[in-house]
1. To make sure I understand, if each residue's beta carbon is the centre and we count other beta carbons within 10 Å, what order do V289, V194, V150 fall in, fewest to most?
2. Per DSSP H run of at least 4 residues, take -39500 (n - 2.57); add these up for the chain, divide by its residues and hand me the 222 nm value, nearest 500 deg cm²/dmol.
3. In Å and on Cα atoms, what radius of gyration and Dmax does the range 1-97 show?
4. Place a +1 charge on the Cβ of each Lys and Arg in the range 151-263 and a -1 charge on the Cβ of each Asp and Glu, then give the dipole magnitude about the Cα centre in debye, rounded to the nearest 20.
5. First select every other residue whose beta carbon is under 10 angstrom from the beta carbon of D7; then total the charges, Lys and Arg +1, Asp and Glu -1.
6. When the dipole is taken about the Cα centre of the range 1-113, and only Lys, Arg (+1) and Asp, Glu (-1) are charged at their Cβ, what size is it in debye, to the nearest 20?
7. With Rg and the Kirkwood Rh both taken from Cα atoms, where does Rg over Rh land for the chain?
8. Within the set K15/K250; K15/K60; K119/K282, which residue pairs have Cα atoms separated by over 31 Å?
Amino acid sequence: MTDSLTDSGLIVVDKPAGMTSHDVVGRLRRIMGTRKVGHAGTLDPMATGVLVAGINRGTKFLTHLVASTKAYAATICLGAATTTDDAEGDVLSTGDTTGITDAAIAREVSGLTGTIMQKPAAVSAIKIDGKRAYERVRAGENVEIPAREVEITRFDIHALRRTPEGIDVDVSVACSSGTYIRSLARDLGEALGVGGHLTALRRTEVGPFTLADASSLDELQDSPALSLSLDAALIRSYPTCPITDEEAKKLSMGQWLEPRGLTGTHAAVAPDGRAIALIREKGRRLSTVFVARPSTL
């Protein structure tokens, strides 16, 4: 098989503040000279950091991207609640933080660690009857999103700064996908009785991809390049299963192999290092979940 995927893979962008994730996709389309660009895991305009984009056939991989965990650096302002749970919203209420001790903040942060029920912000990108929640809010609707279970594996305080407006708390958070950091800020403020909102957010990790993989849009403009080939992306994201050249041909045509006792999804890698497909055992078959290198290419 000849290699026709040299221009397909992932670009890990260090998203700047002030741009939507869709804005980043538009910029990447111009930089990479292709319409086939998509992204995984929306970041708010205020937020910066890791945004994973798929290029050409890499867009097909995005739905299979292992990003069950994410990590962030953030600043929470205690002393005011806002309509959006972040600094871009209007202030709903304020609270006196002079009596809030460092120990009280640490105690409530601990209470928001582990498996918790979290109510997403009304301005989140969650779809309600086919329409984004934030679009409904902008249209003047009153949006109520039910609480959902999320996992906060790390919620660490790094600095506390007391200001005339309240208390700024610098934190780092590691969490399951679907967690809203602005909701953590809101809930921390509510637990302390003074209100809280997010003033800064930087995503540092998405699954196996980190800021070390990321490039700025200006760097990509000067030197357009994939962060990871499609081969490297599959191998980084999943455990690997070595296959023979003959098995690679079968998988490229969507055919199944004999089971070999695998648990979960694996990247099937040919002897020359090419990742042919994602595979998973289903009953008595080792079947393809996603064919990275179909024989039709």
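Only the coordinates and a few stated rules stand behind these numbers; no lab work does. Bear in mind that the values here come from a model prediction, so they are computed numbers and not experimental data. No Cβ is skipped: glycine too gets one built from the backbone with ideal geometry, and neighbour counts run over all protein chains shown.
1. Fewest-to-most Cβ neighbours within 10 Å comes out as V289, V150, V194.
2. -6000 deg cm²/dmol
3. When restricted to the Cα atoms of the range 1-97, Rg and Dmax are 17.7, 68 Å.
4. Details: 11 positive and 17 negative charges, 63 e Å.
It works out to roughly 300 debye.
5. +2
6. Once rounded to the nearest 20, the dipole reads 840 debye.
7. 1.05
8. Details: K15/K250 39 Å; K15/K60 22 Å; K119/K282 36 Å.
The pairs that break the limit, which is 31 Å between Cα atoms, are K15/K250; K119/K282.
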